[in-house]
Amino acid sequence: MPEEPKAPRELAVRNRRDSIPMDLLFRGDTAELPKPLKSPIPPESREPQEPQEPSKAPHDVPESARPPAGAPPRPDRDVVERRGPACSGWWAVSVALLALAGAGWLAWDSGFVPGRVTEFLHVPEPPRPRHGFDAARWAAVCGCWTVALLALGGLTRGRVGSAWVLSLFGRYRGSVRRTGLVWISPLMLRRRVDVRLRHWRSDPMPAVDAQGAELRVVVLVVWQVKDTARALLTVDDHTAYLAEQVEAVTARVASRLPADSYGDPVDDHGGAPTLRDTEAVGDALTRALAAECRAVGIEVFSARPTRVEYAPEVAAAMQRRQIAAIDAKHRDSVLTSVLDAVDDTVRRLTDRGLVALDDYERKALVKDLTVAFYTARGSAVDTH
């Protein structure tokens with residue numbers, strides 16, 4: 001088909017675009033580009049444009065971009081553990097001794113030390129007469145005593161497995177994990193945090209399984225403070241926060257599985273998934289608890305259920321149900337083995353031609369053999 005003739009304006013715009021140098025297009029310099037052509041369409045005949053929606057503020061985040069309601073808390077990026085200002089305490093001791101020695105020398109040089117003291121210490125008399133302290137010497141002595149007090153007042157002991165969290169006028173200044181004799185500025189507020197590997201065994205916590213049965217679960221948690229700043233500054237008590245999160249996570253994980261299978265269909269691993277599978281339940285507890293505690297600087301290594309029991313008010317009923325399920329499973333296995341034995345016996349008799357049985361006689365023989373085998377095997381199992 002022949003091409004339709006293009007409009008004069010389209011040809012003009014195309015010719016004008018082809019005439020623009022390529023180096024200007026790639027260079028991005030729009031100062032030398034020719035001005036755009038004016039539209040020949042009068043403003044009155046243009047289609048009215050729809051009003052544009054006002055741009056959203058940066059804080060108006062769409063619902064799809066917000067985290068779900070059940071998501072774990074996000075860690076505060078502004079509160080991160082960093083090394084605090086501290087040095088070896090022996091440097092502070094040396095500075096304090098030098099400052100005290102300087103103050104003593106000024107007192108001796110000014111003749112302020114009594115003669116009995118100089119004789120006792122076997123120190124010679126100062127060369128100048130005793131005229132006392134002037135303003136400069138008083139300032140020097142006060143400065144030496146101030147330096148000595150600051151040096152000795154900042155001495156502390158750093159222990160293995162603990163850290164100091166420092167703050168100055170409410171602002172976090174860093175954490176000190178050094179051991180031995182340490183000097184920290186006495187102007188800073190110090191709070192000690194235990195960073196050793198710790199374990200915590202919970203009390204029996206209430207929970208409900210997937211079938212609605214009330215449970216009592218005991219969990220053993222192995223954890224450690226990884227970020228001292230978040231553990232001390234983001235929550236009031238990180239140990240209480242951990243205990244509450246253990247209870248919440250245990251209730252959430254326990255509600256997904258039944259406590260016992262009671263003859264439910266088995267899965268690929270050979271059994272119905274229940275809360276008795278401590279490995280699988282422990283892995284789920286560890287992952288969920290680690291995600292919840294990451295925001296407060298706690299690292300969870302393992303959370304394992306050590307005991308899963310029914311509540312006292314439903315324990316008797318659940319025990320009867322469990323016994324009934326075990327008995328039904330036992331009877332089903334015994335009946336299956338009896339039927340296999342009867343089938344094998346009848347097949348051997350007929351295949352070898354020992355007996356010729358019609359349909360009625362075959363049914364009677366199967367009935368008698370089933371009763372005999374079932375009675376014998378059931379009594380044998382009950383005896384064991």
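Applying the criteria of a DSSP loop state and at most 14 other Cβ atoms within 10 Å to the chymotrypsin sites (Phe, Trp or Tyr not before Pro) of region 149-245 yields F169. Between V95 and A372, the distance separating the two model label sites (each 7 Å from Cα on the Cα→Cβ line) works out to 10.2 nm.
Only Cα pairs under 8 Å and at least 6 apart count here; give the relative contact order of region 131-286 as a rounded whole percent.
Rounded, it is 16 percent for region 131-286.
Once backbone amide H atoms are built at 1.01 Å from N, S167 has R173, L189 as its partners under 5 Å, excluding neighbours fewer than 5 places away on the same chain. Between A248 and R348, the FRET efficiency from the beta-carbon distance, with R0 = 45 Å, is close to 0.10.
We did not get these values from a lab; they are worked out from the coordinates using the rules stated. Because the structure is a prediction, the values reported are computed rather than measured. All Cβ positions, even for glycine, are placed from backbone atoms using ideal geometry, and neighbour counts span all protein chains on display.
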